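The values are calculated or read from the model by the stated rules, or taken from the named source; none is laboratory data. Computed from a prediction, not measured in an experiment: that's the story for all the values here. Every residue, glycine among them, receives a Cβ derived from its backbone with ideal geometry; neighbour counts consider all protein chains shown.
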């Protein structure tokens, strides 16, 4: 089973929920993998505390132009939708940061002047945690604009983990990195807060899950602040609220010290196991509905 933890808004407690769920399930004897897909600012390792013994560079093939063969015809620039290749004064220039690695320029070059060379965009790291969680994360190079290739390669590690349960800690927002993170998930657990900003971004995140046709549920974090608009929206669209985590100083202080929710409140171990049961039920219900349709 693949569960993605998402949030339209940053700072809602997404990573705290993802790591707590992973730890709670690992302690049941279930084989669990946790992937930190927030490759621009990964921090799940602070709570999981894995021994990161595995490392692998993330590479993408980009064009390299042989000036001795290039005639400056411009066919490569015409086919590039991302303007990563341009021809100025008869000279072909490549902007690696804009390249999406599609290889079209190489295919259309009539002179065979373009070949593809690897460019390192980031790194994958992985290892086991003290709880036996098989952990992996992607780390995007500083200044690198495209997170999607790193996330895509990180998710392929899942095939090597042979875990019964895979939990994805996705980036915040509703942009391309989030789409890549939650794509293929059985369930998306959206963490929000009862504030106007929380509601605004929850709407975007939920629209994304509907576009991808993924069953979703909500956790309201910092319950007790703001207003009831988030719950009203969830009732309106039929989005189940599966858990509420109260606004507590003890929780805030514990998370700031790198403690998991289970370390702060040991009784949450049962709470998150029950959360998993609810998620499994929602997935089963969705499968039945899809079967009927």
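Structure notes:
- The helices (runs of 4 or more DSSP H) located wholly in the stretch 1-117 that include 1 or more residues which are assigned by TED's automatic domain parsing to the domain that holds residue 255 and at pLDDT 95 or above occupy 14-26, 45-48.
- Qualifying residue in the stretch 109-124 (condition: out of contact with any strand residue (DSSP E or B) (no Cβ under 7 Å at 6 or more places or on another chain), on the phi > 0 side of the Ramachandran plot and touching a residue at least 24 places away in the same chain (Cβ under 8 Å)): yes
- For the stretch 22-42, a tally of residues being surrounded by 15 or more Cβ atoms within 10 Å (Cβ to Cβ) and more than 20 Å from residue 183 (Cα to Cα) returns 7.
- Remark: residue 270 matches the filter, which requires a residue to be farther than 16 Å from residue 8 by Cβ and either in the same structural domain as residue 44 (by TED's automatic domain parsing) or outside any helix (DSSP H, G or I) (or both).
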